[in-house]
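The values are calculated or read from the model by the stated rules, or taken from the named source; none is laboratory data. As the structure is a computational prediction, the values presented were derived from the model and not from experiment. Neighbour counts run over all protein chains shown; Cβ positions are idealised from the backbone, glycine included.
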Amino acid sequence: MTTTQYRVIGSRPVRHDGADKVTGKAIYTADTKLPGMLAGFVLRSPHAHAKIISIDTSEAEATPGVHAILTNADFPNVENKIADLGEGSVNLSYLSANCMAQQKVLYRGHAVAAVAATDVHIAEEAARKIKVEYEVLDSVTWVLDAMEENAPLLHEDIVTDSMGEKADKPSNIPVHLHFEKGDAAAAFEEADGIVEREFKTATVHQGYIEPHAVVADYNEDGRLRIWTATQGSFTCRQQTAEILQIPLGNVLVTPCEIGGGFGGKITVYLEPTAALLSKKAGRPVRIAMTRADVFEASGPTPGSFMRVKIGAKNDGTLIAGEAWLAYDAGAYPGGMIGPGCMCVFSCYDIDHAIVDGYDVLLNKPKTSAYRAPGATQVAFATEQLVDEIAEKLGMCALEIREKNAVKEGSRRVDGPVYPPIGLVECLDALKQSEHWNTPLDGPHQGRGIAAGFWFGCGLKSSAACTVNSDGTINLMEGSTDIGGSRTSIAMQLAEVLGLEAEDINPQVGDTDTAGYTDVTGGSRVTFATGMAAYEAGRDLQQQMRTLAADLWDCSADDITIGEDGVFSGNGKAVGFKALAVELFAAGEHLVGRATVAPECPTNGFGAQIADVEVDPETGKVTVLRYTTIQDAGKAIHPSYVEGQLQGGTVQGIGWALNEEYFYRDDNTMANASFLDYRMPTMLDVPMIDTIIVETGNPEHPYGVRGVGETPIVPPPAALANAIYNATDTRMTELPMSPPKLWKAMQSEQASE
Amino acid sequence: MPASKKVHVTTTINGEDTDFLCEPRHSLLEVLRDNLGLTGSKEGCNNGNCGACTVMLNGRPVDSCLVLGAEVEGAEIETVEGIACSSNLHPVQECFLEGAALQCGICTPGFLVASKALLDKDPHASEETIRFDLSGNLCRCTGYDKIVRAVQAAGQKMATKV
Amino acid sequence: MPTVFIPAQLRELSGGTQSVELEAKNVREIVYQLDVMFPGFKDRICIDGNISPSLQVSIDSVMTSRGMIAKVQPHSEVHFIPAIGGG
Ligand code: FES
Ligand code: FES
């Protein structure tokens, strides 16, 4: 446990961008208006899978008010080049074809053409006049069907890659992963109890309230300026430049305020299209997706099929695990199967395990990350099996988790060994919690628990701080602020320098201004960009020490810098601000800078408790009470840490109970609106209690771990366990919506 | 199809007499955002399911994406831009900030307008009332906990101020 | 000497051997030695002479982005694992 007393860290200042965001002044992408700006509209495929035979734009072109029309012919040919986008890599030809379909459309909503006009209604009307002739092909949207030998093939040129070994004929399975630790087959022989089940989860969407939007202005000198809703301005710049085949340095990306992302705003969808429209029209162009576009044509997160098995000794020791996982990739390779495989047993120290994972192409939009991508699905499976085997062995659900929880030195199924981590501490906090110790015994009520894990990454961040003549600081960083990160970063700088949070003026810079910074994602911003700000502060202090030595007529070595940021030497003791003012007056102006690239995962563990009541007549689940516990390492701004825990949890509750893509018989999505894709409203959830555990991350100066992702992992499992305890019915399919639960309860009763 | 003739509309927005021209098909949300530059009201769905576009129309909260611009002739409209008075934040804005009731902030304008409408009627609204009344406003970031608490806190502030 | 774990999918090349100890200062030296011991190893994990972008190298608890030039310590544990992103 960290015991250090901090002045700023752990306090709850009002965020720096707060007033702008409560008065409507904050500028999001769709609020951006440039002189002469046109509106763009993207025409999308009505079919799940079809060959594009021809596109006739003549009638659309003749529409008054239309300035430019774009089809796949306008997109440069990009080769099969793999680009490293900081957080994951991508094949550029797929990325480009996902922005504008080439020979085939691979899902309903796939872009086929775009129009720029003086107003969005004119653009839409004109786009509807574009005649696209399709040859409709057979399609597939269920992962196991897509794996069949005779399934409709999405890509003729994709063969299965098994860690570098290529299959000899094409299929819808671009990747097969396989992990082995110990000897699982032998261990299952030794097991006293074994449980095995099959699970299914539906495709779900991140559901950010702001639809994707972009403004592009292609200058006559070849310079392209982009204002956009992105989680990472630098990766947006790279993707756009590579797709358009223009020099990276010609592209300037300004990240506007962003209305949520959760992993879904990393890939580019609209930027290249808006840029090319702007180039053709010679005027800036804004495109915003409709909500239906967001559902049908951005990147939801994978649906899955999973078969998981675990074995234990009579004393509750888990000794063997086996998992067979198939995840939707969507229309292009690169789903979340890797982390799925690596997370299926990530909370438990199981000596013998074997995991197979398949990334599967099907006629859905290309999947994207969504908070702890790939981990929620497998937790739904494993965390239920752990409960089930505990019951079989006569143990309590908490006891078996405590007995098998991973700790420092435990080996993951993919090989690496954990450094110090906090799962045991989270389970302990759960055990001590008032919630756990308050009995729940109403009719049709049940309590469930589950644990969860996400890696949390480091990647690259930069920060620069300019000292003002009054000793306050302008902090320039490059992390899009989706949930108060300006403040959590500024607080770390304030702490190191001995300033208040309000003394720092944090700015999120564009790609010409800020130092290279990877995406706001992977739970990394407060950790890594915070670390960059801390280091920039240290850089400033070193410069000031050298300069103060002249001022104070002593050697720099004689000057010490205290925890409170006070410089002491030669009989003097001066705080940061006063010294900065003095130095400025003496002609010294200061800029501190730092770049960091921490490479150790921050390893975020959590545990949750759910209480539910199930209506036996309808199968409707009411969440009565919920507690989310997580190891934050050190909470910089506890309110925003709680907010991450609560927000992730409620997204997980939505995933568990309601959210799913419904497909019609022709494999097109039937519920592409917020009315029919039911995300939790205020009325659907209770208060979410939080317990922040702080075990301290040795890799960060203040002990920070990423917290953004883990909270979404346990809810479906915790709720499934609660539903089982309320109804004796095991739910193996997400969402556990009233019709599904009702049916399952009926068949449970029938089988009794 | 030629764009239909524009309609001239006279209205009051945030206490100021305002008139504008719009096409019959333009929603109030489009008029506010595109014609009048009041981009505080947000578009999350454009079909009445998220509440990000909530404004007050003659004293009642409405989804401005479901109202036509041409319909508001003679009406009084208040938007998020009109909630703060001169340089002071309204208690509901203060409490959202102090209570960290926003993360990305895209839902916030709609929540502020709807919350103020509720609290003007009933500053002591119970948690249940708040959850019922604001259930037309979606927030994907916060899990609602801190929003509910901020609305409760604002109600208390408003009640003691009077 | 650093311990290198052979990914399960490449154990067909190593005849089932799960890990080996070898003298090496960086990942490149490991990969080249493994390729001598288990012919074909390099082609399975490298593209154009670099670690395949779909993989990353884990050295002790660090997931390095330095690929072939990442340094290893005498007691390091080295793994080749799938690259992961995040939301
Ligand atoms: S934009 Fe009006 S309700 Fe969503
Ligand atoms: S704060 Fe992001 S949607 Fe509410």
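Values for this structure:
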| quantity | calculated |
| --- | --- |
| Residue count, segment B:135-162 (criterion: within 14 Å of B:T108 (Cα to Cα) and touching a residue at least 60 places away in the same chain (Cβ under 8 Å)) | 3 |
| Enumeration of residues in segment A:245-297 that are hydrophobic (A, V, I, L, M, F, W, C) and in a loop (DSSP other than H, G, I, E, B) | A:I246, A:C256, A:I258, A:F262, A:I266, A:V268, A:L270, A:M289 |
| Residue identified as assigned to a helix (DSSP H, G or I) and either of a type outside the set (F, W, Y) or under 20 Å from A:H16 (Cα atoms) (or both) among A:D428, A:D481 | A:D428 |
| Candidate set from segment A:600-630 (those that are assigned to a strand (DSSP E or B) and of a type in the set (D, E, K, R)); member that is farthest from A:G484 (Cα to Cα) | A:E613 |
| Residue within segment A:662-673 that is facing another protein chain (nearest Cβ under 9 Å) and not aliphatic (A, V, I, L, M) present | yes |
| Residue match in segment A:649-672 (condition: crowded, with 23+ Cβ neighbours inside 10 Å, acidic (D, E) and at pLDDT 95 or above) | yes |
| Among (1) on the phi < 0 side of the Ramachandran plot; (2) within 14 Å of another protein chain (Cβ to nearest Cβ); (3) buried (at least 16 other Cβ atoms within 10 Å of the Cβ) - the single one A:A167 does not satisfy | (3) |
| Within segment B:50-74, considering residues that are surrounded by fewer than 17 Cβ atoms within 10 Å (Cβ to Cβ) and away from ligand 1 (no atom under 14 Å from the Cβ), the one farthest from the other protein chains (Cβ to nearest Cβ) | B:G74 |
| Matching residues, segment B:105-120, being in contact with a Leu (Cβ under 8 Å, 6 or more places away or on another chain) and either aromatic (F, W, Y) or in contact (Cβ under 8 Å) with a residue 60 or more places away in the chain (or both) | B:C107, B:F111, B:A114 |
| Matching option when the condition is within 16 Å of ligand 2 (Cβ to nearest atom), without any contact (Cβ under 8 Å) to a residue 12 or more places away in the chain and of a type outside the set (F, W, Y), among B:L102, B:L97 | B:L97 |
| Selection within segment A:68-110 - crowded, with 22+ Cβ neighbours inside 10 Å and in a strand (DSSP E or B) | A:A68, A:I69, A:L70, A:V90, A:V105 |
| A:G633 vs. criteria in contact with a Ser or Thr (Cβ under 8 Å, 6 or more places away or on another chain), assigned to a loop (DSSP other than H, G, I, E, B), closer than 20 Å to A:L430 by Cβ and more than 16 Å from ligand 2 (Cβ to nearest atom) | yes |
| Residue satisfying condition, being at pLDDT 95 or above and within 33 Å of the chain's Cα centre (by Cα), within set A:A114, A:A187 | A:A114 |
| Residue within segment A:588-602 that is small (G, A, S), over 35 Å from the mean Cα position of the chain (by Cα) and not assigned by TED's automatic domain parsing to the domain that holds A:I692 present | no |
| Some residue of segment C:1-23 being in a strand (DSSP E or B), more than 7 Å from chain A (Cβ to nearest Cβ) and acidic (D, E) | yes |
| Search result, residues across segment B:75-86 that are more than 10 Å from chain A (Cβ to nearest Cβ) and free of Cβ contacts under 8 Å to residues at least 12 places away in the same chain | B:C85, B:S86 |
| Hits in segment B:131-162 (condition: among the basic types (K, R), away from ligand 1 (no atom under 16 Å from the Cβ) and facing chain A (nearest Cβ under 7 Å)) | B:R131, B:K146 |
| Checking A:E659 against (1) touching a strand residue (DSSP E or B) at 6+ places or on another chain (Cβ under 6 Å); (2) part of a loop (DSSP other than H, G, I, E, B); (3) away from ligand 2 (no atom under 16 Å from the Cβ), the condition it does not meet | (3) |
| Selection count, segment A:487-507, where residues are touching a Leu at 6+ places or on another chain (Cβ under 8 Å) and over 17 Å from A:S469 (Cα atoms) | 4 |
| Residue count, segment A:617-634 (criterion: out of contact with any strand residue (DSSP E or B) (no Cβ under 9 Å at 6 or more places or on another chain) and hydroxyl-bearing (S, T, Y)) | 1 |
| Test for B:G51: is it on the phi > 0 side of the Ramachandran plot, within 12 Å of the chain's Cα centre (by Cα), small (G, A, S) and away from ligand 2 (no atom under 16 Å from the Cβ) | no |
| Of residues in segment A:566-599 being among the aliphatic types (A, V, I, L, M) and in a loop (DSSP other than H, G, I, E, B), the one nearest to A:Q384 (Cα to Cα) | A:A597 |
| Test: residue in segment A:51-59 that is within 31 Å of the chain's Cα centre (by Cα) and small (G, A, S) | no |
| Scan of segment A:458-484 for residues that are away from chain B (no Cβ under 14 Å) and acidic (D, E), ordered by number | A:D470, A:E477 |
| Set A:H212, A:H205: member being within 16 Å of ligand 1 (Cβ to nearest atom) and within 14 Å of chain C (Cβ to nearest Cβ) | A:H205 |
| Out of A:I27, A:I9, sole residue that is within 14 Å of chain B (Cβ to nearest Cβ), in contact (Cβ under 8 Å) with a residue 40 or more places away in the chain and more than 30 Å from A:Y134 (Cα to Cα) | A:I27 |
| Selected residue (only one of B:T54, B:T108, B:T142 is in the same structural domain as B:R25 (by TED's automatic domain parsing) and touching a helix residue (DSSP H, G or I) at 6+ places or on another chain (Cβ under 7 Å)) | B:T54 |
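Listed here are the residues, each with its yes/no results for (1) β-branched (V, I, T); (2) within 14 Å of chain C (Cβ to nearest Cβ); (3) in contact with a Gly (Cβ under 9 Å, 6 or more places away or on another chain).
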| residue | (1), (2), (3) |
| --- | --- |
| A:N172 | no, no, no |
| A:D183 | no, yes, no |
| A:E220 | no, no, yes |
| A:I243 | yes, no, no |
| A:C256 | no, no, no |
| A:P272 | no, no, no |
